[in-house]
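Have a look at the structure below before the remarks.
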Amino acid sequence: TQPTAASKAFKFTGANGAVTYSKKSGNAGISISSAGKLTFKKGLAPGSYKCVFKVKAAGDTNHNAATKTVTITFKVNKAANPMTVKAVTRSTTVAKTKKGVVAVACPVEVKKAQGKVTYAQVKKGSSAALTVNATTGKVSVKKGTKKGTYKVVVKVAAAGNATYLAASKNVTCKVVVK
């Protein structure tokens, strides 16, 4: 997942005296405290990052001070797609369905989707009187559909992008023919 806060500190064993840490080089979005606590800047893009750190042990009465250079590669993965999906009831009239196929507004509210959004009708649980447009999500009500409440299961998919993973969610929507 994409880091949003500090991770655990790393420590060296066998050091004598106080140990301090500093960063010599690497991505500006990664920092280290003198105590060794790593911090990743919120929104750091997915990818691999190599950082070079300096670790210094102060020594004690029996040991000299020592410094080591450590190179660590970090991998930042894509974050989960924050897409939210909510069903909305839509309606039409029998008079309109007698004249021909009626398209009603998309019965799904999609928010915060990352990447191209597509729609697909899930056959199981969906009425045969309804079809879903893959691009717009609009629902077509077949000619001659009688009064009643019809259900359609819509699979909403967001393709993701360079920062976010692809995601999909199924939602059951209602279309009322009055």
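Where a number appears in this text, it was derived from the coordinates with a stated rule and is not lab data. Predicted model only: the values in this text are computed from it and were never measured. Quick reminder, even Gly has a Cβ in these numbers, built from the backbone with ideal geometry, and neighbours come from all protein chains shown.
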Exercise. Could you tell me which of the pairs LYS23/LYS112; LYS112/LYS147; LYS98/LYS169; LYS98/LYS138; LYS98/LYS124; LYS42/LYS169 are separated by over 30 angstrom between their Cα atoms in the structure shown?
Key: LYS23/LYS112; LYS112/LYS147; LYS98/LYS169
Exercise. Please tell me the relative contact order of the chain in percent, rounded to the nearest whole number, where contacts are Cα pairs under 8 Å and at least six residues apart.
Key: 20 percent
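In the neighborhood of ASN161, defined by Cβ-to-Cβ distances under 15 Å, what is the net charge if each Lys or Arg adds +1 and each Asp or Glu adds -1? List each step's numbers first, then the result.
Numbers: positive: LYS78, LYS112, LYS116; negative: none.
Summing Lys/Arg as +1 and Asp/Glu as -1 gives +3.
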Quiz item: Just from its helices, what would the mean residue ellipticity at 222 nm be for the chain, if runs of 4 or more DSSP H residues each count -39500 (n - 2.57) and the sum is divided by every residue, rounded to the nearest 500 deg cm²/dmol?
Solution: -1000 deg cm²/dmol
Quiz item: Dipole of the chain, Cα-centred, from +1 at each Lys and Arg C-beta and -1 at each Asp and Glu C-beta, to the nearest 20 debye?
Solution: 1180 debye
Practice problem: Pop the C-beta distance of LYS178 and THR118 into the FRET formula with R0 = 30 Å and round what comes out to the nearest 0.05. | Solution: 0.50
Practice problem: Among ASN170, GLY144, SER127, pick out the residue whose Cα is farthest towards the positive end of the charge dipole of region 32-173, where Lys and Arg carry +1 and Asp and Glu carry -1 on C-beta, about the Cα centre. | Solution: GLY144
Quiz prompt | Which label in (1) 1.79; (2) 1.37; (3) 1.08 gives the computed Cα Rg over 2.2 N^0.38 Å | solution = (1)
